[in-house]
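Let me begin by presenting the structure, written as structure tokens, before commenting on it.
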């Protein structure tokens, strides 16, 4: 039970001296202050409380193991730091005469570092109190001594640098700029179209009127699409930027891209995987310009099923237009004419016909995917838009449209075609693998689904067993009801995370026997690995020494890319949360409608209808009574009046407070409150009007 505060009066067991075993060497991964794990040859072990000591994230450390105080398993304690991974960091400079001090933005580094009185670096760079700086570590802190740094770079003052976003970048170890050697190598790259056309096997597809379709504001165009009707059905052509023509294995560009693993799209900036000379110029499929691409042409029957083998080949293409989703939606919805399309050259009606065919194919491909057991989760993405100074000005809520699904289905088709080709030839590459969720995770969702009458007993058993058709059935029954987003969110949370593996194990949610990422090599390193595999296969180089060496590196590359993807996703989410909190900082006291999207002992998480912002109603603001928490049905029930709050409840909340650096918004129930459940959730899947 809870009433506005947390805590426990239980006495802790007396400490006993643990029995240590001999030291192991491993790498420490610090998730947040005081929480870490150590990866060793014998496994990965959580670090005991206080056991991090002077180690920092990524360090190679010597640890000892001892039995966990609670439950099975072992805990690690750092005994020594073997090698350091962190040599510099970004922080806030302050004067503590006669010393200077730098406080790391990365909260995992829990110590301040000093600049010694005889170090003139801060004065030479014009660093003032409160400035953001990059500091290089000269001496690491120990139990008895503070760390020492020198200032290498002044990054700006608090007035011209977004310290909160810089903290996200620091916390996730994201690179802020490219090394000079990489920028220099990128500056030498030229398109080289005529030379490339002389290569054996490269096709000249410049007469194909393909187009790019992207969100507003996109600058790197890495995929172009075209489709036409044939006597037997359809032909879909997907052209992807030929990045590997310019980024060779072992080059500075390749090493940097492999280290970054992907581009990171923060709320106010992009941290690209490749320098802009490539990502926004030479490799980008700019309209009206000849560009190198990897082309996949797939023949489909009249139902949208693949017939025969796809043609996969390097090519030269020439995009006819750079289109935005809104423009394509307007065309397909009858709100504009072909002549309104910004076609750089050629006949706009030909482009319009291709888009209509792609839309038709997308519908048929979705039907086929559902028949084979693919699961489509309802999606809604909130994106805070910012001005030139990084201040939030609006929130755009993105939902699937005809244009986005047209592109998505074309990309899925190309990815599956490439994966099937490589898997069928037993070529090792970075396959995209999604395993079936565990029965335990799915079973935890079932009680909530029952509350909304989305499953009966037989359906509940099928969902818990991981039957994709049963899960898709739940989503279909929830569609258009107050439970739609809730059911999709809960089931998505129960899924395992898709990862990259050097072997094909299929993709559960897509219902695909083989899958890989091929369509975004400008922003994802696994796609580069897939492109190289295709070229090695086509050129008969799978038995060469170079390819064998690449195969040996592949497992580590896949692990790095999976980790990098998680890191990027977390940073992107945090940056959006910060800007959302900043957006609502100017709206304290405003009242909005929303739905309960999460329930914990300490309160209710509410997602607002208009912006999709998430915030917390603390349990103390639900009423002056004790509330008991049901962790199966995810509800809070008042001990005195039986008021029950649960997932899916409609509420009206007032914005009470924000914590911008942490990206948090606090709500309180508005005077007209909401509609809690008193005798079970009364929504029963009724459709909203």
So, in the range 537-561, how many residues would count as being buried (at least 20 other Cβ atoms within 10 Å of the Cβ) and closer than 30 Å to residue 384 by Cα?
1
Failed item, numbered, when residue 409 is tested on (1) without any contact (Cβ under 8 Å) to a residue 12 or more places away in the chain; (2) part of a helix (DSSP H, G or I)
(1)
Among what's in the range 463-492 and is at pLDDT 90 or above and in a loop (DSSP other than H, G, I, E, B), pick the residue that is surrounded by the most Cβ atoms within 10 Å (Cβ to Cβ).
466
By residue number, the members of the range 159-176 that are in contact (Cβ under 8 Å) with a residue 40 or more places away in the chain and assigned to a loop (DSSP other than H, G, I, E, B) are 162, 172, 173, 174, 175, 176
Residue check, residue 72 against (1) outside any strand (DSSP E or B); (2) touching a residue at least 24 places away in the same chain (Cβ under 8 Å); (3) assigned by TED's automatic domain parsing to the domain that holds residue 29, all met but one. Which one?
(2)
Given (1) touching a helix residue (DSSP H, G or I) at 6+ places or on another chain (Cβ under 6 Å); (2) without any contact (Cβ under 8 Å) to a residue 12 or more places away in the chain, where does residue 422 come up short, assuming only one miss?
(2)
For the range 113-120, does any single residue satisfy the condition of being within 29 Å of residue 559 (Cβ to Cβ), surrounded by 17 or more Cβ atoms within 10 Å (Cβ to Cβ) and not assigned by TED's automatic domain parsing to the domain that holds residue 661?
no
Go through (1) within 25 Å of residue 203 (Cβ to Cβ); (2) in a helix (DSSP H, G or I); (3) touching a helix residue (DSSP H, G or I) at 6+ places or on another chain (Cβ under 7 Å) one by one and return the number of the condition residue 312 breaks.
(2)
Search result, residues across the range 331-342 that are under 33 Å from the mean Cα position of the chain (by Cα) and either closer than 30 Å to residue 201 by Cβ or surrounded by fewer than 17 Cβ atoms within 10 Å (Cβ to Cβ) (or both):
333, 342
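Here is a yes/no grid of residues against (1) free of Cβ contacts under 8 Å to residues at least 12 places away in the same chain; (2) under 30 Å from residue 35 (Cβ atoms); (3) in a loop (DSSP other than H, G, I, E, B):
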{"residue": "90", "(1), (2), (3)": "no, yes, no"}
{"residue": "94", "(1), (2), (3)": "no, yes, no"}
{"residue": "114", "(1), (2), (3)": "no, yes, no"}
{"residue": "122", "(1), (2), (3)": "no, no, no"}
{"residue": "127", "(1), (2), (3)": "no, no, yes"}
{"residue": "133", "(1), (2), (3)": "no, yes, no"}
{"residue": "145", "(1), (2), (3)": "yes, yes, yes"}
If you go through the range 561-575 one residue at a time, do you hit one that is over 30 Å from residue 282 (Cβ atoms) and in contact (Cβ under 8 Å) with a residue 60 or more places away in the chain?
yes
Go through 95, 53, 77, 124 for me and flag whichever is crowded, with 20+ Cβ neighbours inside 10 Å and more than 24 Å from residue 168 (Cβ to Cβ).
77
Test result for residue 268, in a helix (DSSP H, G or I), in contact with a helix residue (DSSP H, G or I) (Cβ under 8 Å, 6 or more places away or on another chain) and surrounded by fewer than 23 Cβ atoms within 10 Å (Cβ to Cβ):
no
Does residue 279 count as crowded, with 22+ Cβ neighbours inside 10 Å, out of contact with any helix residue (DSSP H, G or I) (no Cβ under 7 Å at 6 or more places or on another chain) and either at pLDDT below 95 or part of a helix (DSSP H, G or I) (or both)?
yes
Please work out which residue is nearest to residue 424 (Cα to Cα), limiting yourself to the range 512-534 and to residues that are assigned to a helix (DSSP H, G or I) and in contact with a strand residue (DSSP E or B) (Cβ under 7 Å, 6 or more places away or on another chain).
534
Of the criteria (1) in a helix (DSSP H, G or I); (2) surrounded by fewer than 17 Cβ atoms within 10 Å (Cβ to Cβ), which one residue 587 fails:
(1)
In the range 601-624, how many residues are free of Cβ contacts under 8 Å to residues at least 40 places away in the same chain, within 25 Å of the chain's Cα centre (by Cα) and in a strand (DSSP E or B)?
1
So which residues in the range 425-462 are in a helix (DSSP H, G or I) and without any contact (Cβ under 8 Å) to a residue 24 or more places away in the chain?
440, 443, 446, 450, 457, 458, 459, 460, 461, 462
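The values are calculated or read from the model by the stated rules, or taken from the named source; none is laboratory data. Predicted model, so just to flag it, every value in this text is computed and none were measured. A quick note on method: Cβ atoms are made from the backbone with ideal geometry, for glycine too, and the neighbour counts reach across all protein chains shown.
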